[in-house]
């Protein structure tokens, strides 16, 4: 990876340089003061960088060399499903017939998009065992909030005011944050000794004030909540709903469906399970699928296949072909996106699903679970495995023995792995495990890669028994574009923009 | 069996033997038998990439709108996206990474986002910008959450000049937050703000005041009035600003905005049927600890080298859980990187030139269109810069259908944004007959003249 420091674009800037080229239009060249009233007119242009196209390319290419990615190597970041992202999906997402469609174009002029969305909705319903879906949520957390508002609308429609939502202590942080923003109070239930929801604790907090429960299954420990039937019966028994956080759906494709487990609301992370990809932190897509009794509350308008009638004939331009349109669910919670969701991400997901098909999606989960278990068994003699039983698509290891014996922490292991050419696992999550190292190899890593990763894990642990190894672990990473960064300074002397450097005395850094 | 799985049969056998298993089904022993899906997923078998591409290509080909010359805007604009921006933003290092949890190997994305934050802050005139939100609507929702937290009051005055879909999102999420959304009507394209101070008995004073600049009908509103209202109530002033028009207009910060949000699609993202787009968010330093989403800051590494890292993380959901300032995790980072590249390509003069060209095209088309019998202005003589609302003698949907036959996406029918019957921005007649038209820097004089000729025919009864 690129180790040379890269100046910001603003430091590369030289007044008078330019990259932009715009179309020759022939439109009369009125000046700004002829076009904009004086009170509103900007006096100086917005200062941006001024660089040549060649410098622009060099800058962002050099930055890209300072960035690890799935395409570069294994990225076993637990809970994030960093699998290989098929290139064919890039081609799909750049088809002009998809990219050049205005979101407000009438349905008759966007039949391809509507057909695509309906097909994807049906596929996701097949995978989840749900009745219908909305594509508006742009990411998992947006899906969570949408799902919780659906929960609220469902209860409100019954004049049934409920105030609490139950979340296991192993849940992702987005769950409690979404619950609060949805206007509910969080009730946390502990995990039991097996790493699953403590059934007795759950029963003790269940009453008719509970709107529902949010569960990830398999949970964030990589374990299948095998008491799910009992949980579902108990929650439904007090009139609550079950929300499925789809973060870990990659483990169960074609094996078991959330709908069959008793879930009422499901969000999916298409950037995880369907490889759309992650984009350095988005865009994702967080569609929400629901059971029949919640369909009327979905956000809208929704893409629908039109039944035979005048509207369909008009939409198909009189050809009689299957036609698509928009429909607002009768008791919709309303919009949750400016338009229809992250549409190009949805197109990528459909291409991924069509390549794999039902049979291929099942193989995806089989291999993901196989890979995770292989790593679990291989590493269980070297790292702590707090819940050492068959896992699903990810395994939570821990470094508490390494820390106790040698002072080498999960963070140190993670930083050493970066030197070994791997991305680090997720560390210090889930919160219920001390010194957690959450490893999700995904199905697209080969046995050779797993062996190399395991070798690296073992080497780091073995070295920790020597003082030099401990020192190396604490000093890691030394081969990466930068070493450990001073996070405390970043927060204490906040520099959120290039212009803020001047205020904290950083402008002289480069000369020092 | 097309897929991307590397396992050979021998690998699988070796790995199962290592685990002491005889069959892959045994991997799922924790899943209760009664719940397991018998017979597999109800989906067709997989098909090879070329077949999938043919299918997706056919779907793409069924979108007639893609071939129309675009005069539609309403928050989604047909701006130039040059080859260099497509090439750089498509680099797999940016595309296939995730949130920079390990800054030592994520300096590329972190620095690009730092540069993006700098550019967004310069556009708004405010000192802090976050690493992106989902879209304009989500940025507005987060701004209102920030504003109500800052002011301690739940009442939000929102100009009906804010995009109808964004207002719809505010209403949806107020179902959870409990915010009281008061939509302020437009008269001739300008907000008719309630009396200040609020007379007793007419509800709570606002904790947040929201205005769009220019508003969604294209009009330039007097933001000084909005600042005075915010001052009178110690309310947070939120401006939903068009970032392209910002190339010509006084910055929202100059007008006194506390929070500026916007839709960043115009900076390098194709129309894409509405997404992925980019939520722009910036605020004052006083509010930085209430900032939603991620923030990249500059720091140093152990050797004193310049380095970037996500900072003020204690606001975020994975640390703060139910006390977090927002629930955002995955945002639109690749779109933020794309915007940084596009703004790097445009530079100081390029952005100003794009804004100017949009305003010129808009002026030319508007002047000529208002000379057509059957076209009248919908917003009086309130000044516009890059978008205009026209009243067409026949329903706007009819105009759009007729113009499509001539090769144009004529604009957006107001009814498709406000719903039938209209809203505070347009009454029922204006909704049915209102046509929102934009002219970007990509439209040539020939295209505009052909559009006008087609419009002349399309508005006849």
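Read-outs: derived from the displayed coordinates by stated rules, not from any lab. Everything numeric in this text was worked out from a predicted model, so none of it was measured. Heads up, the Cβs are rebuilt from the backbone with ideal geometry, glycines too, and the neighbour counts pull from every protein chain shown.
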Seminar exercise, completed: Against the 2.2 N^0.38 Å rule of thumb, the C-alpha Rg of region B:1-63 sits at a ratio of 1.66
For this session: Evaluate region A:102-145: find the radius of gyration of its Cα atoms, find its Kirkwood radius, and give the ratio Rg to Rh.
Result: 1.04
Problem set entry | In nm, spacing of pseudo-spin labels at residue A:24 and residue A:5 (7 Å Cα→C-beta vector) | 4.6
Exercise. What fraction of the Cα pairs in region A:9-64, stated in percent, has a spacing above 14 angstrom?
Worked result: 69
Problem set entry | Size-normalised alpha-carbon gyration radius of region B:96-224, reference 2.2 N^0.38 Å | 1.26
Problem set entry | Stokes-Einstein D in µm²/s, Kirkwood radius over Cα pairs - region B:287-359 at 10 °C with 1.306 mPa s viscosity | 106
Seminar exercise, completed: Sorted largest first, the Cα spans of region A:425-477 on the principal axes come out in Å as 36, 31, 17
Exercise. What list do you get for B:15, B:1 if you sort them by fewest beta carbons within 10 Å?
Worked result: B:1, B:15
Exercise. Mean projection of the alpha-carbon convex hull of region A:363-487 over all orientations, in nm²?
Worked result: 7.8
For this session: Quickly rank B:173-180, A:360-367, B:71-78 as a protection proxy: mean count of other C-beta atoms within 10 Å, highest first.
Result: B:71-78, A:360-367, B:173-180
Seminar exercise, completed: Across A:87-98, the residue-averaged tally of Cβ atoms belonging to other chains within 10 Å stands at 6
Exercise. From Cα coordinates alone, what are the radius of gyration and Dmax values for chain B in angstrom?
Worked result: 25.3, 83
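Could you list B:45, B:222, B:429 in order of exposure, starting from the residue whose Cβ has the fewest other Cβ atoms within 10 Å? Can you show the working numbers first?
Details: B:45 14, B:222 17, B:429 11.
Neighbour counts put them in this order, fewest first: B:429, B:45, B:222.
From other protein chains only, count the Cβ atoms within 10 Å of every residue's Cβ in A:467-476, then give the mean. Walk me through the numbers on the way to the answer.
Details: counts 0, 0, 0, 0, 0, 0, 0, 0, 1, 1.
Counting other chains' Cβ atoms within 10 Å and averaging over A:467-476 gives 0.
How long are the semi-axes of the equivalent ellipsoid of the protein assembly as shown, taking √(5λ) for every eigenvalue λ of the Cα gyration tensor, in whole Å from largest down?
So the equivalent ellipsoid measures 44, 32, 27 Å along its semi-axes.
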Exercise. Cα axis of helix B:107-124 to longest principal axis of chain B: angle in degrees, 0 to 90, nearest 10?
Worked result: 10
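Which whole-number percent is the relative contact order of chain A (Cα, under 8 Å, 6+ apart)? Intermediate values should be presented prior to the final figure.
Details: 916 pairs, mean separation 93.2, N = 512.
Relative CO of chain A lands at 18 percent.
If each residue of separation counts as 0.36 nm, what is the full-extension length gain between residue B:394 and residue B:370 once their alpha-carbon separation is subtracted?
Length gained, residue B:394 through residue B:370: 7.2 nm.
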For this session: Would you order A:493, B:269 from fewest to most other beta-carbon atoms within 10 Å of each residue's own beta-carbon?
Result: A:493, B:269
Exercise. What does the helix-only formula give at 222 nm for chain B: each DSSP H stretch with n ≥ 4 adding -39500 (n - 2.57), the total divided by the residues, and the result rounded to the nearest 500 deg cm²/dmol?
Worked result: -11500 deg cm²/dmol
For this session: May I ask for the distance between the Cα centers of region A:1-54 and region A:178-253, given as a whole number of Å?
Result: 52
Exercise. What list of whole percents do you get for P(r) of chain A, with Cα-Cα distances grouped in 20 Å bins up to the one holding the largest distance?
Worked result: 19, 47, 30, 4
Exercise. In degrees from 0 to 90, rounded to the nearest 10, what is the angle of the helix B:136-151 Cα long axis to the longest principal axis of chain B?
Worked result: 80
Exercise. Other chains' Cβ within 10 Å of B:130-141 residues: what's the mean?
Worked result: 5
Exercise. If you average the sequence gap of Cα pairs under 8 Å that are 6 or more apart and divide by the length of region B:84-341, what percent do you get for the contact order?
Worked result: 28
Exercise. Between region B:349-364 and region A:427-442, what is the C-alpha centre distance in whole Å?
Worked result: 52
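Using only Cα atoms, what is the ratio of the radius of gyration of region B:84-341 to 2.2 N^0.38 Å?
Output field value: 1.01.
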Problem set entry | Relative contact order (%) - criterion: Cα under 8 Å, at least six apart; region: region B:339-461 | 29
